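Encoded as structure tokens, the structure appears first; notes follow it.
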Amino acid sequence: MQAFLDIFDIYLLEAVINGILLGGVLALLALGLNLIFGVIDVTWICYAELVMIGMYAMYFMVQYYGLSYFIAAPFTILLVALLGALLHYLVIAPLLTAPPINQLLATGGVLFVLQSFATVAFGIDFRNLGIRLPVLAFGDMNFSYARLLSFLAALVGMVAVYLFMTRTFTGTAIRAISQDRQIMALMGVDTKRMYIITSALGGGLAGLAACLLVLQYDVHPFVGLSFGPITFLICVLGGLGNFIGGFIAAFVFAEIISLGGLFSDLEWGYVLAFAFFIVMMFIRPAGLLARRR
Amino acid sequence: MLEVSGLVKRFGGFKAVNNVSFRVDQGEILGLIGPNGSGKSTIFNMLSGTLPPTSGSILFAGHEIAGLAPHRIINRGIGRTFQIPRPFRKLTIFENVALAGFYGQGRHSRVKAEEAAERALAMVGLPTDRHASVDGLGAAGLKKLELAKALATAPKLLLADESLGGLDEAEMDQAAEMLRKIRDELGITIIWVEHIMGVLMRVVDRVMVLDHGEKISEGLPSAVASDPRVIEVYLGTDAETTQAAAAEARRRAGV
């Protein structure tokens, strides 16, 4: 009995830590989506598909052109940032004053365009970087090096965004603009430019997430489906547009998935996470951190 | 400095502003009065670029600015305050003003922006403390913040929109004095839109009166206040104020 408990505790601790590591990347994804929603008031349904394109970019640069991972990564971030700006310019900007459902449908359309484009262009094969990162053994616990790296990089990315948002005037304007677009323009701010910058930033975060996820997952045209929905749930649970709420919700979800997976299969972890989400929507419909009315 | 001619704004079949022309000279304070819905705010919106005019011309310092985007007009030197203060509540007082300084001056310099913010806050009498929150401000404080934001953009012309609504008597006098001080010390030309005639009449150099989108009177405060068309417009709605203002203006003119 005692021996069983010892082993159980070790596994539990391992699962908790793995949950934290998973939470880092989920928090990064949620931050990108929240940024777009919080500032532009638009939901990019196709956010995870931008990540998918970024993963393909990593795959081709590393596997096909033989670039090193650390050289390919900045290019990927830049590429997806451009893609984000382009998405805003071509799809969102003309619909900025349209009803939200139109914006939602338009970005939903982009989701299918990107998925279909990837299917036609790259085929439906599962591809991977061919990089096998070692597993770190820490006492009796095992951690994937890829997860640890992702967690740290996601953390650095989030801190960089935080500093940008609080220490620069551009970031200050971006934080405030959603409250009153008209006044922002009358303070001399070119609001169109702010939106392009925000979209590029959101895209850049998707690009960074792509660089990290490609270490752990195979790329295929529908890979976005494996983390797109959960990113949305995290954002909604944290309160759409609420950066801190999204950050906390990411770790709550990651722990539920990780601990749920410990007791049974990983899929049950997801079932628990979604069930938790449904219950929370009844208890706190406006998000974890929402003030009670 | 500002030359407006034949300004028209139509909303569907409704003419909110109908063929209004006026000019503002360097260093002047022009009062713009009129009942609700007379087109004052529409004129301000066109001057600041929030609404494009249907037709007409707005020459500012010799350049046509009608229809330019708001941020371009601000960068040319037209600042604006709002009737209802609209501060960014997520930002501190200082951030609100410094942001206006950063983008409004068109130079995008952090040092210049922070200097402008400190000067503007000191001018209107708000704390220059960087962490003070907007939530601590009352009605008068929020009006001052509006003014500081506009001043931080280093305007040559200030559009002050009904600066005194919601203030008590003493605060009103203070605010009117503030506008005069801004003109005298900073050399900023001002157009002041107001419901309340009394205080305005004491400070402005000239007044223009609008009714139903048309200019019905323009001139020295004393002359405008005794103009029968103006009295007719204000009778019934605001007669007492008008008469008080007229008496006040006559008293001043008689000196």
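Derivation of every value follows stated rules applied to the coordinates shown; laboratory data play no part. Please read all numbers here as calculations on a predicted model, not as lab measurements. We place every Cβ from the backbone using ideal geometry, glycine too, and count neighbours over all the protein chains shown.
Here are a few things to note about the model shown:
- For residues of A:187-196, the mean tally of beta carbons on other chains within 10 Å: 6
- Shape summary of the protein assembly as shown, radius of gyration then Dmax from alpha carbon positions: 29.6, 105 Å.
- For the protein assembly as shown, size of Cβ-based charge dipole, Lys and Arg +1, Asp and Glu -1, in debye: 900 debye
- Simple rule: put +1 on each Lys or Arg Cβ and -1 on each Asp or Glu Cβ in segment B:81-154, find the dipole, and look at B:HIS108, B:LEU142, B:ALA98; the Cα lying farthest toward the positive end is B:HIS108.
- Note on chain B: Rg/Rh from Cα positions, Kirkwood definition for Rh, rounded to two decimals, is 0.97.
- Cβ-defined net charge surrounding B:GLU185, 13 Å radius [Lys, Arg +1; Asp, Glu -1]: +2
- Neighbour counts of other Cβ atoms within 10 Å put B:THR50, A:THR231 in the fewest-to-most order B:THR50, A:THR231.
- Average other protein chain Cβ within 10 Å of Cβ, residues A:172-183: 5
- Cα-centre dipole for chain B with unit charges at Cβ (Lys and Arg positive, Asp and Glu negative), debye to 20: 840 debye
- Listed by chain and number, the aspartates and glutamates whose C-alpha is less than 12 Å from the C-alpha of B:LYS156, apart from same-chain residues fewer than 8 away, are B:ASP25, B:GLU28.
- Estimated translational D of segment A:53-147 in µm²/s (Stokes, Kirkwood radius over Cα pairs; 25 °C; 0.890 mPa s): 152 µm²/s
- Per residue of B:63-70, other chain Cβ atoms within 10 Å of the residue Cβ number 2 on average.
- Within segment B:94-145, trypsin sites (Lys or Arg not before Pro) in DSSP loop having at most 16 other beta-carbon neighbours inside 10 Å: B:ARG107, B:ARG130
- With Rh defined as the Kirkwood radius, the inverse of the mean 1/r over Cα pairs, the Rg/Rh of chain A is 0.99.
- Panel order for A:MET281, A:MET158, B:MET201, by other beta carbons found within 10 Å of each beta carbon, from fewest to most: A:MET281, A:MET158, B:MET201.
- Taking other residues whose beta carbon is less than 9 angstrom from the beta carbon of B:GLY219, and scoring Lys, Arg as +1 and Asp, Glu as -1, yields -1.
- Placing unit charges on the Cβ atoms of the charged side chains and taking the dipole of the protein assembly as shown about its Cα centre, the candidate lying farthest along the positive direction among B:SER48, A:ASN142, B:ALA132 is B:SER48.
- Taking all pairs of distinct alpha-carbon atoms in segment B:15-163, Kirkwood radius in angstrom: 16.1 Å
- Average Cα contact separation per residue, chain A, under 8 Å, 6 or more apart, as relative contact order %: 36 percent
- The alpha carbon convex hull volume per residue for segment A:161-293 rounds to 141 Å³.
- Dipole moment magnitude, nearest 20 debye, chain A about Cα centre, only Lys, Arg, Asp, Glu C-beta charged: 980 debye
- The angle between the Cα long axis of helix A:266-283 and the main principal axis of chain A comes to about 50°, on a 0 to 90 degree scale.
- Quotient of C-alpha Rg and 2.2 N^0.38 Å, computed over segment A:1-121: 1.43
- For segment B:81-154, Kirkwood radius (reciprocal of mean inverse C-alpha pair distance, Å): 11.7 Å
- Gyration tensor (alpha-carbon) shape descriptor, segment A:82-202, a/c threshold 1.5: oblate
- Segment B:81-154, relative contact order [Cα under 8 Å, separation at least 6], %: 47 percent
- Sorted by Cβ neighbour density within 10 Å, fewest at the top, the residues A:CYS46, A:CYS235: A:CYS46, A:CYS235
- Residue pairs exceeding 29 angstrom between C-alpha atoms, taken from B:LYS90/B:LYS215; B:LYS40/B:LYS144; A:LYS192/B:LYS112; A:LYS192/B:LYS215: B:LYS90/B:LYS215; A:LYS192/B:LYS215.
- Per-residue ellipticity at 222 nm, computed for the protein assembly as shown from helices alone with -39500 (n - 2.57) per DSSP H run of at least four residues, works out to -19000 deg cm²/dmol.
- Base-10 log of normalised Debye intensity for segment B:1-91 (one unit scatterer per alpha-carbon) at q = 0.11, 0.14, 0.17 Å⁻¹: -0.32, -0.52, -0.76
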